Amino acid sequence: MPVSAPASGYRQDLPAPKKKRKRRRKRRRGVFVRDNGLCAASLVPPPLPGPVPSPQKSRSARGRSYLAHLAQSSDARSEGLYAALDLGTNNCRLLVAKPGRPGRFHVVDAFSRIVRLGEGLGASGRLSDAAMDRAVEALGVCAEKLGGLPLKGVRMIATEACRSAGNGARFLERVRLETGLKLEVIDRRTEARLAVSGCSSLVTQETDGLVLFDIGGGSSEIALIDLSSHRTPRLANHIVSWTSLPTGVVSLAERFGGRDVTRATFEAMVAEVTGLLSAFDGSERLAHLAGGARFHLLGTSGTVTTLAGVHLGLRRYDRRRVDGLWMERESIDQMMETIRGWSFEERQANPCIGAERADLVLAGCAILEAIRRHWPAERLRVADRGLREGMLNEMMARDGVWRRRRRGGARTA
């Protein structure tokens, strides 16, 4: 009769359950032996003689590890993780996620670092050695993060700095050799489309039209979206016009100065961007919707997220409070006026700006102001998302992961 069942006829002369558990604990302890005060597992064989590997992987070793991992079969990568890497003029960003409910995903890992790859590019036409070193170091971290993951899909892009630099191709070859990452230089149209795809979940059913803009370091992408007629789930299908301005926060700040910005300097920056917008042939495609209650702006960039953080008075930047925030026209006016009135040191001291953005934020505000004057709107929605999210959305949609989940009846929350 099993000792675990206290039925009639239970034999009292059998060992008590407590003693059995005690004997099992003794057997588990017997797996370990002590040697000179150190505890080691007796089942682990002693190490083979040979050189002790360095705890720090070299960049080339990280690259080989990453490439070997990507060469695994699809069966070994069945967990369904997707990775998107965006190397911009100012930032290097990585996002790793797995599909969630239809049209959504759960972030598994993220990385972001300001590298200023485009520093000095406007004057020299080339990427500087220091800027390339910073970018390669950040990309090495990304390669290390990706090396141990079962990736089903991955896309890695480079934007304006690598598009326009005379030594951009040579830099990308260096990245491949030292980190194993092969970056794809995308054109401006693709960049605008990815920005729209990344922000699609922030566009509500009550919206008939919007201007989506992404203020980058070396360029600014703008897409006009008309949802007033038949609406499809894919927001990019409703782009009626788009443009890419050949200016961003880094290039504009380098031309006009970003440290000490007078009102006259600020207006000169706004005027330059306004001139670029005036040359945009499709800028009137939303004239029938602009200014109405169902029309708004949607900004995805460090400029608008910084503005939102200052508006909220955050002591530390919090994406959860910023992403999706609505700002009224009067609030934007007030925040722009406040930031323009600060000295360089005061901008540095603000936790949502900091030393890394203090000389760039006013150039971003000038681009934003030119956009607001060109397309007046009562509201602006802030998006702390962009190209990485767009790549993830497109890869998951391409693989049909959300369709399979609907058919299989899997949990969508």
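Here are a few things to note about the model shown:
- Region 214-228 residues that are under 13 Å from Val273 (Cβ atoms), paired with ones that are hydrophobic (A, V, I, L, M, F, W, C) and open to solvent by less than 10 Å² (accessible area, probe 1.4 Å) (beta carbon under 6 Å, 6 or more apart): Ile215/Ile367; Ser220/Leu245; Ser220/Ile367; Ile222/Phe213
Yes or no, residue by residue, for (1) modelled with pLDDT of 90 or more; (2) of a type outside the set (Lys, Arg); (3) in contact with a strand residue (DSSP E or B) (Cβ under 8 Å, 6 or more places away or on another chain):
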residue: Glu284; (1), (2), (3): yes, yes, no
residue: Arg294; (1), (2), (3): yes, no, yes
residue: Thr300; (1), (2), (3): yes, yes, yes
residue: Ala308; (1), (2), (3): yes, yes, yes
residue: Asp318; (1), (2), (3): yes, yes, no
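- The set of residues from region 99-117 being touching a Phe, Trp or Tyr at 6+ places or on another chain (Cβ under 9 Å) and surrounded by 19 or more Cβ atoms within 10 Å (Cβ to Cβ) comprises Pro99, Phe105, Leu117.
- All positions within region 133-153 that are assigned to a helix (DSSP H, G or I) and in contact with a Phe, Trp or Tyr (Cβ under 7 Å, 6 or more places away or on another chain): Val141, Cys142, Ala143, Lys145, Leu146, Gly147
- Taken over region 230-256, residues that are of a type outside the set (S, T, N, Q) and open to solvent by less than 30 Å² (accessible area, probe 1.4 Å) amount to 9.
- Subset tally (residues that are surrounded by 15 or more Cβ atoms within 10 Å (Cβ to Cβ), part of a loop (DSSP other than H, G, I, E, B) and over 28 Å from the mean Cα position of the chain (by Cα)) for region 257-279: 1
- Restricting attention to region 182-211, the residues that are touching a residue at least 60 places away in the same chain (Cβ under 8 Å) and more than 17 Å from the chain's Cα centre (by Cα) add up to 7.
- Check on Gly180, open to solvent by less than 10 Å² (accessible area, probe 1.4 Å) and of a type outside the set (Phe, Trp, Tyr): yes
- The residue list Val141, Val96, Val136 contains one member that is farther than 28 Å from Arg398 by Cβ, among the β-branched types (Val, Ile, Thr) and either surrounded by 12 or more Cβ atoms within 10 Å (Cβ to Cβ) or modelled with pLDDT of 95 or more (or both), which is Val136.
- Of residues in region 118-132 being within 21 Å of the chain's Cα centre (by Cα) and modelled with pLDDT of 95 or more, the one surrounded by the most Cβ atoms within 10 Å (Cβ to Cβ): Ala131
- Number of residues in region 183-223 that are closer than 20 Å to Thr243 by Cβ, open to solvent by less than 20 Å² (accessible area, probe 1.4 Å) and of a type in the set (Val, Ile, Thr): the value is 6.
- Candidates are the residues of region 144-164 that are among the aliphatic types (A, V, I, L, M) and out of contact with any Gly (no Cβ under 7 Å at 6 or more places or on another chain); the one that is most open to solvent (accessible area, probe 1.4 Å) is Val154.
The values are calculated or read from the model by the stated rules, or taken from the named source; none is laboratory data. Model, not experiment: these values are computed from the prediction. Cβ sites come from the backbone with ideal geometry, for glycine too, and all protein chains shown count toward neighbours. These accessible areas exclude ligands, DNA and RNA; they are computed on the full protein's heavy atoms, side chains included. Shrake-Rupley method; radii C 1.70, N 1.55, O 1.52, S 1.80 Å.
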